[in-house]
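Below is one structure; the comments refer to it alone.
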Amino acid sequence: MTAKWKIHYLEDLSLGMRATITRTLTEEDVVKFAEVSGDHNPIHLDKDFAAGTLFGQRIGHGLFTASLFSAVIGTSLPGPGAVYLNQTLSFKAPVLIGDEIVVTVEVAELTERGNRCKLHCQASVAGKIVLEGEALVKVPSRAKA
């Protein structure tokens, strides 16, 4: 089953390696994320309520954008077998419905002991950083495979 997945073992990784995905936030994404997460904050779902906020309109869930870090980490870099240990997040700006989000994950540090990989995570819209942080993941090792 894993033959269709590209697995990056700790030994395959090097500082500066990057993976990027692009995703446009849709109305359907916002509604589905609210259902799955239980976060029905009207700033995400109610146009009239959101009009009275500092953003003046509905915004996407911040954790939807953060979940795109998980998408990259779990499927591309490091990829299948990587296990989240920690994630920091710093929200810089809102993501609006219709915005194209560019998510990049970059290898920032490798530690053989414990098979750890620290990743710099960044999401941007139209070249402006909207979310950034660091993830710490445990990565499979060829030596233990």
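The residue pairs whose first member lies in region 93-108 and is at positive phi, whose second member is surrounded by fewer than 20 Cβ atoms within 10 Å (Cβ to Cβ) and outside any loop (DSSP other than H, G, I, E, B), and whose beta carbons are closer than 7 Å, counting only pairs six or more residues apart or on different chains, are Gly98/Thr24.
Is it fair to say Val105 is under 10 Å from the mean Cα position of the chain (by Cα), surrounded by 12 or more Cβ atoms within 10 Å (Cβ to Cβ) and over 12 Å from Ala82 (Cα atoms)? So Val105 passes the test.
Would you tally the residues in region 72-90 being surrounded by 14 or more Cβ atoms within 10 Å (Cβ to Cβ), among the small types (Gly, Ala, Ser) and in contact (Cβ under 8 Å) with a residue 40 or more places away in the chain? Step through it out loud before you land on a result.
As a first pass, look at region 72-90 and keep what is surrounded by 14 or more Cβ atoms within 10 Å (Cβ to Cβ): 72-82, 87, 89.
The next check asks that each one be among the small types (Gly, Ala, Ser); those that pass are 74, 76, 79, 81-82.
Imposing the further condition that a residue be in contact (Cβ under 8 Å) with a residue 40 or more places away in the chain reduces the set to 76, 79, 81-82.
The qualifying residues number 4.
Looking at this structure, is Ser124 without any contact (Cβ under 8 Å) to a residue 24 or more places away in the chain, within 12 Å of the chain's Cα centre (by Cα) and buried (at least 17 other Cβ atoms within 10 Å of the Cβ)? Walk me through how you get there before you give the answer.
On the way: without any contact (Cβ under 8 Å) to a residue 24 or more places away in the chain: yes; within 12 Å of the chain's Cα centre (by Cα): yes; buried (at least 17 other Cβ atoms within 10 Å of the Cβ): yes.
Yes: the conditions hold for Ser124.
Taking first residues from region 33-61 that are farther than 19 Å from Phe91 by Cα and partners that are of a type in the set (Lys, Arg), the Cβ contacts under 8 Å between residues at least 6 apart in sequence or on separate chains come to Leu45/Arg58; Asp46/Arg58; Lys47/Arg58. Set side by side, the residues Ala126, Ala66 differ, and just one is modelled with pLDDT of 95 or more, on the phi > 0 side of the Ramachandran plot and of a type in the set (A, V, I, L, M), which is Ala126. Taking the criterion of being surrounded by 13 or more Cβ atoms within 10 Å (Cβ to Cβ) and of a type in the set (Lys, Arg), would at least one residue in region 40-58 satisfy it? Looking for residues that are surrounded by 13 or more Cβ atoms within 10 Å (Cβ to Cβ) and of a type in the set (Lys, Arg), one finds at least one in region 40-58, hence yes.
The values are calculated or read from the model by the stated rules, or taken from the named source; none is laboratory data. Computed from a predicted structure; not experimentally measured. Note that we place each Cβ from the backbone using ideal geometry, even for glycine, and neighbour counts take in every protein chain shown.
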